[in-house]
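Visitor: This is the structure I have questions about; it appears just below.
The values are calculated or read from the model by the stated rules, or taken from the named source; none is laboratory data. None of these values were measured; they are calculated from a predicted model. With ideal geometry, Cβ positions are generated from the backbone for all residues, glycine too; neighbour counts draw on all protein chains shown.
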Ligand code: OGA
Ligand code: NI
């Protein structure tokens, strides 16, 4: 992996704050990638499923809901998820405060493409690539042996404690979700977690995303279309500003977040383990001219040093293994080099290629 970025890093937030009235060329996407604002009424009403975690945990019909959400959408919102609502609010507030700090303070945490840990403004190291209209802070959370709070922000006060507290609650939710996904696939409750390498060996990282206001939101994206490379992702969305869009066939559905819900999405590793039964669905983020948006994504991933391939119990004569096994550390390198690129990456593992 290269040690530095191919071009100097520009904070998009700082750029936005200069009051530019046009989007610089490096953020202008080719016409076919620009946001589509669904004018088609048939799509305007579509929404990702909402699932009550207590049903998914305890009732057969809850498991069926989970199954159909993962087969058809790759996305759902969860309520009754067990993560304290006040903690969610404080976590969002603390990150908003972090991004409001002066640039010199944030730059102390400037990241490099070697680990991505820290404050950054681009994904991928391809020179002259079109960039996304966002900044972020990325940190490692699990396994705890790679956790290094000295690389986490020290301001605002208490942010490190908050990250640990929030991380713990979301980790517990992820453990329940992995068990739920396992059952919903007709597997033993602990089957998927074993395939992940065991709950004491899984990986998790956190990305706080900051999407600044944008003078010409129709020309760019806050985050380009991608599917998440890992296991499952838990997104804490901005409570006021929408922006996340999920692919539905040829159109995009904008997520309307339910108050205090968390958004769950299936990543490429679950698509691979489930042999394509569960879908890791493309998504992107649009920006707007009126309001900044803050979101937090916690990525819960399999252990990175074991091969991940389709679960044998899910293979049939008619549906043999679709994917070649690959270790997550190897898989993740690809996206870290190329940046977000739709579903090209998981497709590259198709056994028939
Ligand atoms: C991500 C992501 C969505 C959002 O960080 O991978 O898709 O709403 N974020 O910011
Ligand atoms: Ni994502």
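Visitor: Quick check on this structure: which one of 24, 113, 49 is touching a helix residue (DSSP H, G or I) at 6+ places or on another chain (Cβ under 9 Å) and closer than 23 Å to residue 280 by Cα? Spell out how you get there, then give the answer.
Guide: Details: 24 fails: closer than 23 Å to residue 280 by Cα; 113 fails: closer than 23 Å to residue 280 by Cα.
Just a single option satisfies the conditions, and that option is 49.
Visitor: Pick from segment 202-226 the residues that are more than 9 Å from ligand 1 (Cβ to nearest atom) and part of a loop (DSSP other than H, G, I, E, B): which of them is nearest to residue 309 (Cα to Cα)?
Guide: Only one residue fits best here, namely 202.
Visitor: Just name the residue that is surrounded by the fewest Cβ atoms within 10 Å (Cβ to Cβ) out of those in segment 246-257 that are over 13 Å from residue 74 (Cβ atoms) and in contact (Cβ under 8 Å) with a residue 12 or more places away in the chain.
Guide: The extreme case among them is 256.
Visitor: Now for a separate question. In segment 184-196, which residue that is more than 23 Å from the chain's Cα centre (by Cα) and under 19 Å from residue 74 (Cβ atoms) is surrounded by the most Cβ atoms within 10 Å (Cβ to Cβ)?
Guide: 187
Visitor: Among 294, 246, which is the only one that is under 17 Å from the mean Cα position of the chain (by Cα), within 9 Å of ligand 1 (Cβ to nearest atom) and modelled with pLDDT of 95 or more? Full working, then the answer.
Guide: On the way: 246 fails: within 9 Å of ligand 1 (Cβ to nearest atom).
Exactly one residue qualifies, and that residue is 294.
Visitor: Inspect segment 339-353 for any residue being over 23 Å from residue 224 (Cβ atoms), in contact with a strand residue (DSSP E or B) (Cβ under 8 Å, 6 or more places away or on another chain) and more than 14 Å from ligand 2 (Cβ to nearest atom) and give the result as yes or no.
Guide: As a first pass, look at segment 339-353 and keep what is over 23 Å from residue 224 (Cβ atoms): 351-353.
Within this subset, residues satisfying the condition of being in contact with a strand residue (DSSP E or B) (Cβ under 8 Å, 6 or more places away or on another chain) are 351.
Restricting the remaining residues to those that are more than 14 Å from ligand 2 (Cβ to nearest atom) gives 351.
Yes, segment 339-353 contains a residue that is over 23 Å from residue 224 (Cβ atoms), in contact with a strand residue (DSSP E or B) (Cβ under 8 Å, 6 or more places away or on another chain) and more than 14 Å from ligand 2 (Cβ to nearest atom).
Visitor: Residues 275, 260: which one is crowded, with 21+ Cβ neighbours inside 10 Å, on the phi > 0 side of the Ramachandran plot, in a loop (DSSP other than H, G, I, E, B) and more than 16 Å from ligand 2 (Cβ to nearest atom)? Steps first, please.
Guide: On the way: 260 fails: crowded, with 21+ Cβ neighbours inside 10 Å.
One residue alone meets the criteria, 275.
Visitor: Something else about it: Residue 182 is checked against (1) under 19 Å from residue 90 (Cα atoms); (2) assigned to a helix (DSSP H, G or I); (3) touching a helix residue (DSSP H, G or I) at 6+ places or on another chain (Cβ under 9 Å); (4) free of Cβ contacts under 8 Å to residues at least 60 places away in the same chain and fails just one. What number does that condition carry?
Guide: So residue 182 meets the others, but not (1).
Visitor: From the set of residues in segment 227-243 that are outside any loop (DSSP other than H, G, I, E, B) and touching a helix residue (DSSP H, G or I) at 6+ places or on another chain (Cβ under 9 Å), which is nearest to ligand 1 (Cβ to nearest atom)?
Guide: 236
Visitor: Take the conditions more than 21 Å from residue 348 (Cβ to Cβ), away from ligand 2 (no atom under 16 Å from the Cβ) and in contact (Cβ under 8 Å) with a residue 60 or more places away in the chain and apply them to residue 293. Does it pass?
Guide: Details: more than 21 Å from residue 348 (Cβ to Cβ): yes; away from ligand 2 (no atom under 16 Å from the Cβ): no; in contact (Cβ under 8 Å) with a residue 60 or more places away in the chain: yes.
No.
Visitor: From the list 239, 250, pick out the single residue that is closer than 27 Å to residue 160 by Cα and away from ligand 2 (no atom under 16 Å from the Cβ). Working first, answer last.
Guide: Numbers: 250 fails: closer than 27 Å to residue 160 by Cα.
Answer to the check: 239.
Visitor: Shifting gears a bit: Condition check: modelled with pLDDT of 95 or more, within 15 Å of ligand 1 (Cβ to nearest atom) and either part of a loop (DSSP other than H, G, I, E, B) or surrounded by fewer than 18 Cβ atoms within 10 Å (Cβ to Cβ) (or both). Does residue 199 satisfy that? Steps first, please.
Guide: Details: modelled with pLDDT of 95 or more: yes; within 15 Å of ligand 1 (Cβ to nearest atom): no; either part of a loop (DSSP other than H, G, I, E, B) or surrounded by fewer than 18 Cβ atoms within 10 Å (Cβ to Cβ) (or both): yes.
No: the conditions fail for residue 199.
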